[in-house]
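The values are calculated or read from the model by the stated rules, or taken from the named source; none is laboratory data. Here the structure is a predicted model, which means the values were calculated and not measured. Note that each Cβ is placed from the backbone with ideal geometry, even for glycine, and that neighbours are counted across all protein chains shown. Note: accessible area is taken over every heavy atom of the protein model, side chains too, but ligands, DNA and RNA are not part of it. Shrake-Rupley method; radii C 1.70, N 1.55, O 1.52, S 1.80 Å.
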Amino acid sequence: MTSPSKRRTAVAPALLLGVAALALTGCSTDPADAEDRTERTSGADGTRVTVTYDGGVLVLDEDLRVVSDDPIEGFTRVNPAGDGRHVLVTVPEGFRVLDTASDPALTDSVFPADAGGHAVVHGDRTTLFADGSGDVTAFDHEDLADAVADGTLPDVDTTRSETAHHGVAIELEDGTLLTTIGTEESRFGVRALDEDGSEVARSEVCPGVHGEGTVADEVAVFGCEDGALVYRDGTFAKVDAPTEYGRTGNLFTTDSSPIAVGDYNDDPDSEGYLLDQLALIDTEQGSYETADMPEGVGFTFRDLARGPDDEAVVLGSDGSLHTFDVTTGARLGTVPVIDAWEGPVEWQDPHPALKVVGDTAFVTDPATKTVHAVDLTSGEVVASSDELPGVPNEIAVA
């Protein structure tokens, strides 16, 4: 067992985004630069959709009208902060807070991180992983709004990984922190730390660990190159893939289903980013099954989600949403949304993406620079944006 490595700190205002950092990201809060920013409107309260493009980040209202457009340089990632209002935008300094409320704006508040990577929301807590240092930062996301309004950040708990790597962490509701094990060259397992930061369990049988989620009964799941690693009641267990090489890199879970859904690749020599199989990992039965997309239809890591009845929802390269029963793997239905598309050359390249919140699926269409909202219960496209200022890439919903 390792010694405790967890510490609680308050992020000082000095660590908030400064003038030099603003210059790096191409952003400004100087009123003199207001003319460089799209005029803001106070759109209706409710769902807000954040979309990145090369050179900026947009916030759309529930009718998919643009209500803010902030400049930001280069490719960036966006993730919900967990409080239903804020989104975390990855910038060189860390995770910058975007407020999507009635007057959306990029704030000057930044959770410092060396090469910020994954952000995971579970229960009342959000965990941030810094790939460059291995630091895990966790905070109560319900404290975020008040802290940002005061020009600061909520208190955080920081845990240092044994070695810096491209990793991820989940904090369970009992305070257990699950965080990946790896180096700059490889990743191979997960360890569990108690509330004091002491290691209480460890598994190193998850090569290429990537992708995470928490299913029913606070059971956590991590993807491996040969199956999945499951953490239940203080113990790790391996669930083998149906093939010797069977990589799952992204998992999609709900708190009402014991089954984790993931992308699946059984060919270590495959090229490109399109996949045509789903992983269905049953944590109660300890089973690992796969389901096939229709012939000739693929998807990427951006095109998986869970629907209102725990079904798997996949945006296929044929431009349609395909739904699957996660227990049997049977296809349930198909809803055409956009034109057929091809897989990206590089994973960061703009290509159609899917997010589902409640009964609504949000689909980006880079070819037409639009976003669409689909009612999954009726199969109808209920809203579509006008042409956006740039090609949509990353998407998050708050």
Condition met for Val190 (modelled with pLDDT of 95 or more and closer than 25 Å to Ser109 by Cα): no
Matching residues, region 350-380, being surrounded by 19 or more Cβ atoms within 10 Å (Cβ to Cβ) and among the acidic types (Asp, Glu): Asp365
Residues (free of Cβ contacts under 8 Å to residues at least 60 places away in the same chain, open to solvent by 10 Å² or more (accessible area, probe 1.4 Å) and among the hydroxyl-bearing types (Ser, Thr, Tyr)) located in region 162-202: Thr163, Thr176, Thr183, Ser186
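Looking at Gly249, is it open to solvent by less than 10 Å² (accessible area, probe 1.4 Å) and either part of a loop (DSSP other than H, G, I, E, B) or in contact (Cβ under 8 Å) with a residue 24 or more places away in the chain (or both)?
So Gly249 passes the test.
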Conditions (1) assigned to a loop (DSSP other than H, G, I, E, B); (2) out of contact with any Cys (no Cβ under 9 Å at 6 or more places or on another chain); (3) buried (at least 20 other Cβ atoms within 10 Å of the Cβ): number failed by Val261: (1)
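Which of the residues belonging to region 191-239 are assigned to a loop (DSSP other than H, G, I, E, B) and under 19 Å from Thr137 (Cα atoms)? Explain how you work it out, then say what you get.
Start the filter on region 191-239 by keeping residues that are assigned to a loop (DSSP other than H, G, I, E, B), which leaves 194-198, 204-211, 225, 233-234.
Within region 191-239, Asp194, Glu195, Asp196, Gly197, Ser198, His210, Gly211 meet the criteria.
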Total residues in region 149-161, condition surrounded by fewer than 22 Cβ atoms within 10 Å (Cβ to Cβ), under 26 Å from Asp99 (Cα atoms) and not β-branched (Val, Ile, Thr): 6
Near pairs, Cβ below 7 angstrom, 6+ apart or cross-chain, from region 325-351 (in contact (Cβ under 8 Å) with a residue 40 or more places away in the chain) to any residue that is open to solvent by 100 Å² or more (accessible area, probe 1.4 Å) and outside any loop (DSSP other than H, G, I, E, B): Gly329/Glu289
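Residues that are of a type in the set (S, T, N, Q) and either touching a Gly at 6+ places or on another chain (Cβ under 6 Å) or closer than 15 Å to Val49 by Cβ (or both): find the strands (runs of 3 or more DSSP E) completely inside region 323-398 holding 2 or more of those.
Numbers: elements: 331-336, 354-357, 360-365, 370-375, 380-384, 395-397.
Per the criteria, 360-365.
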